[in-house]
1. Counting other beta carbons within 10 Å of each Cβ, put A:145, B:77 in order, fewest first.
2. Please report how far the C-alpha centroid of the range A:119-147 lies from that of the range B:89-157, rounded to the nearest whole angstrom.
3. Once the Cα atoms of helix B:362-374 and of chain B are each reduced to a long axis, what angle between those two axes, in degrees from 0 to 90 to the nearest 10, is obtained?
4. Counting other beta carbons within 10 Å of each residue's own, what order do B:330, B:49, B:399 fall into, fewest first?
5. Can you figure out the FRET efficiency of residue B:415 with residue B:259, using R₀ = 41 Å and their beta-carbon distance, to the nearest 0.05?
6. Working from Cα positions, state the angle (0 to 90°, nearest 10) between the long axis of helix B:400-409 and the longest principal axis of chain B.
7. How far apart, in nm, are two points set 7 Å out from the Cα along the Cα-to-Cβ line at residue A:67 and at residue B:120?
8. Antiparallel versus total DSSP beta bridges in chain B: what percent is that, nearest 5?
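Please treat every number below as a calculation from the coordinates, not as lab data. Quick caveat, the model's predicted, so the values are computed rather than measured. Here the Cβ positions follow ideal geometry from the backbone for every residue, glycine too, while neighbour counts run over all protein chains shown.
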């Protein structure tokens, strides 16, 4: 079944890079079946490409002999798998309760205005994507957000200016 | 973290991995099981289920499946909960030592740490600690000459709160959509890839080394009330010194809130608090002298100790808005599998948005009360929606005046 589906879309699958394949092969040694590796492969490809395009998803399904529909079901279930392009820096902004109590919404609105994007959007220069995230587990430093892999704590409006400036400078 | 974690030599010099030497000197798996059962340790992930009893459900003996698994629930996502990250980034070897004890007892040769995808710091500390433990022979083949072998695999999650539910977590680990599974069969009998599986919380496992190394009497002596041991307790919200502390089970809520967290920030008063994360019932200032132990919080406080991380609502913050924030979270995180949760939570969320916009009505209040019932324990497939009804139901009871003011004044009364 899955091979038929893949055959009809095979020409759309992109070629996985050597680095991607080598990491996927490593994951195969850690899990007893390919279904489990599928989710890992989505993360690996995203790590290399920034997001999971249709072409990437098809390539993974083909490489691991998984159903495209199943893999798509998995890819769209998990919030840290991006099925749309994202900017260079993904901002995960905590919108949970402790940050809310500590006036995280005010800072978020400021950030949103500063970047001129709402949740789910990417800045025109392709630098930042803003996404809400559940509690980041750093509630004693609320409000918090994560940019890429960096946690930023005790956010204030002035702090936002500084943080965004740092990432813009890195890119410049 | 105020300091990096101990490297393995320093950890060992402070009695680290001592429990494994104790076991290697002649404790059978059955002996360890009996010790943990007698210690009175209850699971620290939220439900408070006795750890030894949970382990005892794993089938043992020749006729049982030879492959068994230990899975660590390190998917800390309960709103307002920030204790497991501290343990993993501050003391990763303590978790590994606990895992080895647990795996030895249930006979698991493979263990997965299911870690929140956003916990990049924990990835670093755990990866380093796992490598150190392999080097020293605490992991791998024939650990300390016991004939027991264990491999630990660090798995980072791709997100979603529902993965904290243990059967949903197992589906996620198998690479499936993280919908919870029907129970029975329980994971202890048929879990990961259909094999007997124990899912333990990070903090629970961190309790094990001390129990084995120093004994049951020492462990039970740590608690000052009915429950044994210590617990990680946290306070967040607008208090002077928010944080997380390891304290004996049974200290009063007042001690945590006032002595440790320094009380409310200047100019603010205490309106209420959630004692153990977003899925617990509100408690009031009149409850401050209750003890932080499992029974007292549920029997006298009408709530649950759960994760032990308290979220403080001050008197200048809107309770309706706070509950609305929680309902938005739960609505977003519903896995969509069962109807009361999938349809009930977004309905509740919409009503709270109406209240925020000054469009709330008496009729809405009745719908909210009905939803507390429709999504309550026993009505849904898993504990997500019942968890949401905890702050919702208690909030409707305790803050009825605030809801009514929103209706009367057609606006959020906490905004100018």
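1. Values: A:145 27, B:77 24.
Ranking A:145, B:77 by Cβ neighbours within 10 Å, fewest first, gives B:77, A:145.
2. Rounded to whole Å, the Cα centres lie 31 Å apart.
3. The angle comes out at about 20 degrees.
4. Details: B:330 27, B:49 11, B:399 21.
So the ranking, lowest neighbour count to highest, is B:49, B:399, B:330.
5. Details: r = 33 Å, r/R0 = 0.82.
So the FRET efficiency works out to roughly 0.75.
6. The angle comes out at about 40 degrees.
7. Going by the 7 Å Cα→Cβ label model, 3.6 nm.
8. Values: 15 of 37 bridges.
Taking every DSSP beta bridge within chain B, about 40 percent pair in antiparallel fashion.
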